[in-house]
Structure formats: C-alpha cells, structure tokens
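K.L.:
Provided herewith is a single structure, encoded as structure tokens, for subsequent inquiry.
The values are calculated or read from the model by the stated rules, or taken from the named source; none is laboratory data. The structure displayed is predicted, hence computed values, not measured ones. Ideal geometry is used to build each Cβ from the backbone, glycine not excepted, and the neighbour counts take in all protein chains shown.
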Amino acid sequence: MENFFTESVVNHQNKLLKKLVEPPPLEELKKHLDVAVGDMVYLPPRFVNKVRNAYLVEGEDVQFTCTVEGAPRPQIRWYKDGVLLKDTSKYQTFSEPRSGITVLVVKNPSNEDMGHYECE
C-alpha cells in the first residue's frame, strides 16, 4: 500500500469516498515538480525562447537573446561553436532577472565571429 496514492472522490449521494490509485511514473511527476523548502520554491530550469539566428551587419554589434526560467535563477553561459565565451572585451552579457532574458552582445563583429552560438 505504500506505493499508492489516496484519491478523494464524492459519489452521487454526496458521500466522500477514498480510493487507492497507482501513482503516475516518476518521470511524469518530475515534469511538473515544484519543490518548496521553507519559503523558497524550486523550479527546474526551462528555456522559454531559444537563441535565434542573427545577421552580420558591418559596423553594428550583434545581439543574441535567450529566455530561461527557474528558481533559483539559473546561471547562463554562452558558447560559440562549443567553446565557452570568456573574452569580455569582445563579448558582453546582460540579464534581466525578473523576465529571465539574457542577452549576448558581440562587439565589432567580423567574419571570424560567424558560427554557432548557444546559451546553456
């Protein structure tokens, strides 16, 4: 009986009945899991908007935007062609914690900056 949930239902005579029901698979539960500890609610990270293509325009900085939600706020890292971006004179990141929007700005882009950008 420890692997079953109790479900309360009311029958046609307005009597409260309890019945044992088998729980959904663990993977299904994890999809909808919000864990509360004290006053903090934990939500698994989820990408709301994925990175979209950007076009190189000579003389203009390029921006990539990624939107993620979760609690606590997920830490976002940006990659170009699978390599973590670290050059702060070439790349700048900005984030708005309430909306979950994170922006990567590529300063003074050139053909060398073309590639596959992703946020993680």
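K.L.:
Among all residue pairs at least 6 apart or on different chains, which show Cβ distances below 9 Å where the first residue, located in the range 91-119, is without any contact (Cβ under 8 Å) to a residue 24 or more places away in the chain and closer than 14 Å to residue 75 by Cα and the second is part of a strand (DSSP E or B) and of a type in the set (Phe, Trp, Tyr)?
P.N.:
The qualifying pairs are 93/78.
K.L.:
In addition: Tally up the residues in the range 70-93 that are at pLDDT below 90 and closer than 18 Å to residue 52 by Cβ, please.
P.N.:
Number satisfying all stated conditions: 1.
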